[in-house]
1. Can you list residues whose amide H is under 5 Å from Ala107's amide H, if they're 5+ apart or on another chain and H is modeled 1.01 Å from N?
2. Taking a spot 7 Å from the Cα of Asp102 along the direction of its beta carbon, which residues of region 44-81 have an amide N less than 18 Å from it?
3. May I ask you to compute the full-extension gain from Asp69 to Ser34, defined as 0.36 nm times their residue separation minus their alpha-carbon distance, rounded to one decimal in nm?
4. Using θ = phi - 60° and the Karplus relation 6.51 cos²θ - 1.76 cosθ + 1.60, list the HN-Hα couplings for region 75-82 in order, rounded to whole Hz, with x at every Gly or Pro.
5. When only C-alpha pairs under 8 Å and at least 6 residues apart count, what is the relative contact order of region 1-132, in percent?
6. Among Lys56/Lys142; Lys59/Lys79; Lys11/Lys35; Lys11/Lys157; Lys79/Lys157, which pairs are too far apart, with a Cα-Cα distance over 20 Å?
Amino acid sequence: MEFSIVNNNEKAVLLLHGLTGTPLELRWVARDFSKENYDVYFPILPGHCSSLEEIKNIKWQDLYRFTKDYYLSLKAKYKHVFVGGLCVGGMLSLILAMDFPDIDAVASWSPAMGIDGWAIPWYRFLLPFVLHSPLKHLYYWKESDPYGIKNEFMRRKIRQMMERDENFGAYDKIPATTIL
């Protein structure tokens with residue numbers, strides 16, 4: 001499933017949401033690009049907007065494969081393709097740009113560069129033991145303000161959305177299995 005705003009021109013923007021998030025996290029960015037006459041696509045990443053059980057089986061490679069395939073489908077239709085994302089979506093955008101230098105531009109808001117967010121507990125030094133044992137199927141990180149987003153503008157937008165309960169299917173916790 002995808003969300004899109006199509007103006008029928010030569011420029012497309014692919015926007016990728018964050019881990020456990022939804023495409024609607026970026027709807028205000030999509031609107032701004034649309035006002036500038038870009039065709040904007042913001043799809044649901046695999047395992048998202050359904051159930052925690054489904055996302056537990058998703059690896060970053062699945063997310064990247066989806067991103068790459070989506071980009072290639074846009075590249076076949078558009079003269080110019082721009083890519084951007086929030087958190088994990090931002091990281092996927094950067095990896096995609098490394099693999100496809102013909103991408104016209106990349107925007108990456110609060111890219112996930114490592115497991116160092118505010119939601120990670122003090123006992124994170126035990127994380128390798130959890131991730132490489134059956135415990136990985138039982139452990140979750142609770143999502144809460146500031147949602148691991150260090151950019152104040154983005155954090156404020158997400159906070160407002162969550163306060164209005166406009167998360168539209170975002171999960172309130174992150175399964176440990178998704179970061180492997």
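Here, each number is a calculation from the coordinates, and none is a lab measurement. Note that the structure is predicted; figures quoted are calculated from it, not measured. Note that each Cβ is placed from the backbone with ideal geometry, even for glycine, and that neighbours are counted across all protein chains shown.
1. Correct list: Val83, Gly84, Gly85.
2. Inside the label zone: 67-81.
3. Additional length available on full extension: 10.4 nm.
4. 4, 5, 9, 10, 6, 10, 10, 10
5. Numbers: 219 pairs, mean separation 33.2, N = 132.
Relative contact order, region 1-132: 25 percent.
6. Working: Lys56/Lys142 15 Å; Lys59/Lys79 31 Å; Lys11/Lys35 12 Å; Lys11/Lys157 26 Å; Lys79/Lys157 31 Å.
Those over the limit are Lys59/Lys79; Lys11/Lys157; Lys79/Lys157.
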